[in-house]
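Novice: The following block contains the structure, expressed as structure tokens.
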Amino acid sequence: MNNTQLEQRLLAMGEKYLPLMASESSEASRENHWVAPASVDENGEVIINENWKCEGGDVYEVIQNHGRLLSMTGDYLALHTVGWACPLIDGKEPDVPPSQHPDRVRVALLCLVGRDGVFGSVVRIGDQELMTELDSRGNLRDEALAMFG
């Protein structure tokens, strides 16, 4: 899957699975942190197998408890989480966590993770348009890719 195909598939996933306003999601709700097997059909559409969706109270808990087992079901996994974002101050993180910042905004994130190392995400921040990220770095990406061992 090339980057253009991945970006198109991520946007289609976002349209289907992310709320129109990320603020409609409640972080405390277990259904906002999940992992599920995914596949790409003959038309190039990503199909998430919601019958095998595993939920948890925290995205890392979901990855640890269910990711490895679900990775045996196919070549892709979809990973969904909800959290908070806040503005940077002079390009730096503020002194308080985003969840405690007075200007915080809800973020909904959906990732597609592949056995072949594919990792991309689509995010909705507040009521903004969907945005894709193909070059992300960090703990979530590393943990998600580790689901395939």
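The values are calculated or read from the model by the stated rules, or taken from the named source; none is laboratory data. Quick caveat: nothing in here was measured; it's all calculated off a predicted structure. For neighbour counting, all protein chains shown are included, and Cβ atoms are generated from backbone atoms with ideal geometry for every residue, glycine included.
Novice: Applying the selection to segment 88-118, what residues are among the hydrophobic types (A, V, I, L, M, F, W, C), touching a strand residue (DSSP E or B) at 6+ places or on another chain (Cβ under 7 Å) and in a loop (DSSP other than H, G, I, E, B)?
Specialist: If the condition is that a residue be among the hydrophobic types (A, V, I, L, M, F, W, C), touching a strand residue (DSSP E or B) at 6+ places or on another chain (Cβ under 7 Å) and in a loop (DSSP other than H, G, I, E, B), then 118 is the only one that fits.
Novice: Something else now. Report, by residue number, each residue of segment 40-82 that is basic (Lys, Arg) and touching a residue at least 60 places away in the same chain (Cβ under 8 Å).
Specialist: Passing the criteria: only 68.
Novice: Do we have any residue at all in segment 66-75 that's part of a helix (DSSP H, G or I) and surrounded by fewer than 19 Cβ atoms within 10 Å (Cβ to Cβ)?
Specialist: yes
Novice: Now a separate question. Inspect segment 93-100 for any residue being surrounded by 12 or more Cβ atoms within 10 Å (Cβ to Cβ) and β-branched (Val, Ile, Thr) and give the result as yes or no.
Specialist: No - not one qualifying residue is present in segment 93-100.
Novice: At pLDDT below 90, out of contact with any Pro (no Cβ under 9 Å at 6 or more places or on another chain), under 27 Å from residue 69 (Cβ atoms) and assigned to a loop (DSSP other than H, G, I, E, B) - does that describe any residue in segment 11-24?
Specialist: yes
Novice: Within the set of pairs 6 or more residues apart or between chains, which connect a residue that is within 23 Å of residue 148 (Cα to Cα) inside segment 101-113 to a residue that is of a type in the set (D, E, K, R) and crowded, with 17+ Cβ neighbours inside 10 Å with Cβ atoms less than 7 Å apart?
Specialist: Final answer for the pair search is 112/9.
Novice: With 121, 136 as the choices, which residue is in contact with a strand residue (DSSP E or B) (Cβ under 9 Å, 6 or more places away or on another chain) and assigned to a loop (DSSP other than H, G, I, E, B)?
Specialist: One residue alone meets the criteria, 136.
One line per residue, one yes/no per condition, for (1) over 21 Å from residue 6 (Cβ atoms); (2) surrounded by 16 or more Cβ atoms within 10 Å (Cβ to Cβ); (3) touching a helix residue (DSSP H, G or I) at 6+ places or on another chain (Cβ under 7 Å):
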residue	(1), (2), (3)
51	yes, no, no
58	yes, no, no
90	yes, no, no
103	yes, no, no
133	no, yes, no
146	no, no, no
